[in-house]
Structure formats: structure tokens, C-alpha cells
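Single-structure report; data block below.
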Amino acid sequence: MKKILIGLIVVTGFLFQACDEELSGDDYDFSTSLPPYVTINNVDTLDVSPGDTIPISFSMRTALQQEATVTYTVTGAVSIPNTVVTIERNKTSATASIPIPVTTGIPALAKILIANATKQDGSPLTIGQKNNPKIEKVIRIQ
């Protein structure tokens with residue numbers, strides 16, 4: 001019985017010894033945090049008719065203390081090169097209106113692609129969560 005009691009005391013001592021490390025429990029590594037990025041809100045294919053005007057929403061992961069400028073292009077059946085939309089300070093999104101000309105033949109496709117995004121101070125913003133400039137929205141004109 002004495003041996004069992006001594007054994008339990010020794011095991012308990014080892015268990016307390018293993019818990020001797022002091023950890024705060026909230027030491028997080030933010031070195032790989034996502035930088036602010038700009039993306040097209042909804043990249044699902046959109047069905048429209050000639051003569052329609054469609055709203056396209058661009059959004060950022062986080063609001064900034066300065067304006068952000070997003071340059072986008074529309075290619076295909078509708079061609080709108082290098083158009084700019086501004087996301088205002090302390091906002092996370094902006095909407096651009098894209099007109100589909102009545103003279104557009106049907107059926108046809110157009111693609112919206114973010115070409116560039118910069119902060120007001122000129123520093124670049126990441127395009128998409130994974131810095132993939134090929135994020136696009138397809139417009140199907142019927």
C-alpha cells in the first residue's frame with residue numbers, strides 16, 4: 001500500500017512538472033494575414049438583354065482610411081476599356097453601371113475583368129483574395 005501511495009505521489013509530481021510552462025494562450029502570428037484586396041462581388045454568369053444597364057459591385061475585404069481606385073475592362077460583345085470606379089474612404093464597396101448597347105448582337109458574351117487597383121497614395125491593392133487578376137464576371141447577352 002505504501003508503494004502505491006509513493007507511486008501516486010511521484011506520478012502526480014511529474015504531471016505538475018509537465019504543466020510548468022507558462023503560455024499566455026493568445027500568441028497569434030499575423031505575419032501571413034491577408035492584405036486588403038479588391039474583388040468583383042458576385043462572379044456568377046449574368047443574363048441580360050441588349051439595352052439593359054447592369055450594376056457591377058466591386059468590394060474590398062476591409063475598409064481603408066483612403067479612397068481606392070479600381071480599374072476594370074469589359075471585353076467581348078461589349079468593349080469598354082480601362083474604366084475607373086472609386087471605393088470611398090471607410091467604405092468596402094462601390095457599384096459601376098455598365099450599359100449594354102441596343103445594337104449588340106445576340107447571343108453574345110462579355111467579360112468584366114479587374115485590371116488594376118490602387119490606394120489613393122498610389123500603393124497597389126491585391127486583386128482577389130489570392131492575387132488572381134483573372135477573376136472575371138461573364139455577361140451572357142440574350
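Filtering segment 33-53 to residues that are buried (at least 16 other Cβ atoms within 10 Å of the Cβ) and of a type in the set (A, V, I, L, M) leaves 38, 40, 46, 48.
Quick check: anything in segment 91-101 β-branched (Val, Ile, Thr), under 16 Å from residue 39 (Cα atoms) and touching a residue at least 40 places away in the same chain (Cβ under 8 Å)? Full working, then the answer.
Start the filter on segment 91-101 by keeping residues that are β-branched (Val, Ile, Thr), which leaves 92, 95, 98, 100.
Then keep just the ones that are under 16 Å from residue 39 (Cα atoms); that gives 92, 95.
Restricting the remaining residues to those that are touching a residue at least 40 places away in the same chain (Cβ under 8 Å) gives 95.
For segment 91-101, residues β-branched (Val, Ile, Thr), under 16 Å from residue 39 (Cα atoms) and touching a residue at least 40 places away in the same chain (Cβ under 8 Å): present.
For beta carbons closer than 7 Å, sequence separation of 6+ or different chains, a first residue in segment 39-53 that is in contact (Cβ under 8 Å) with a residue 24 or more places away in the chain and closer than 17 Å to residue 72 by Cβ and a second that is surrounded by 16 or more Cβ atoms within 10 Å (Cβ to Cβ) and of a type in the set (S, T, N, Q), the qualifying pairs are 39/59; 41/59.
Taking segment 102-135 as the range and being of a type in the set (Ser, Thr, Tyr) and more than 16 Å from residue 87 (Cβ to Cβ) as the test, the residues that pass are 103, 104.
Evaluation of residue 122 against the conditions (1) at pLDDT below 90; (2) on the phi > 0 side of the Ramachandran plot; (3) loosely packed, with under 14 Cβ neighbours inside 10 Å shows that the sole unmet condition is (1). Considering only residues in segment 88-119 that are modelled with pLDDT of 90 or more and hydroxyl-bearing (Ser, Thr, Tyr), the one that is nearest to residue 53 (Cα to Cα) turns out to be 97. Hey, could you check segment 120-142 for residues that are out of contact with any Ser or Thr (no Cβ under 7 Å at 6 or more places or on another chain) and not in a loop (DSSP other than H, G, I, E, B) and say which is farthest from residue 52 (Cα to Cα)? Checking each candidate, the answer is 126. Number of residues in segment 54-92 that are within 30 Å of residue 105 (Cβ to Cβ) and either of a type in the set (Val, Ile, Thr) or buried (at least 17 other Cβ atoms within 10 Å of the Cβ) (or both) equals 15. Taking the criterion of being under 11 Å from residue 100 (Cβ atoms) and among the hydrophobic types (A, V, I, L, M, F, W, C), the residues of segment 41-61 that qualify are 46, 48, 54.
The values are calculated or read from the model by the stated rules, or taken from the named source; none is laboratory data. Just so we're clear, the structure is a prediction, and the values are computed from it rather than from any experiment. Virtual Cβ from ideal backbone geometry, glycine too; neighbours counted across all protein chains shown.
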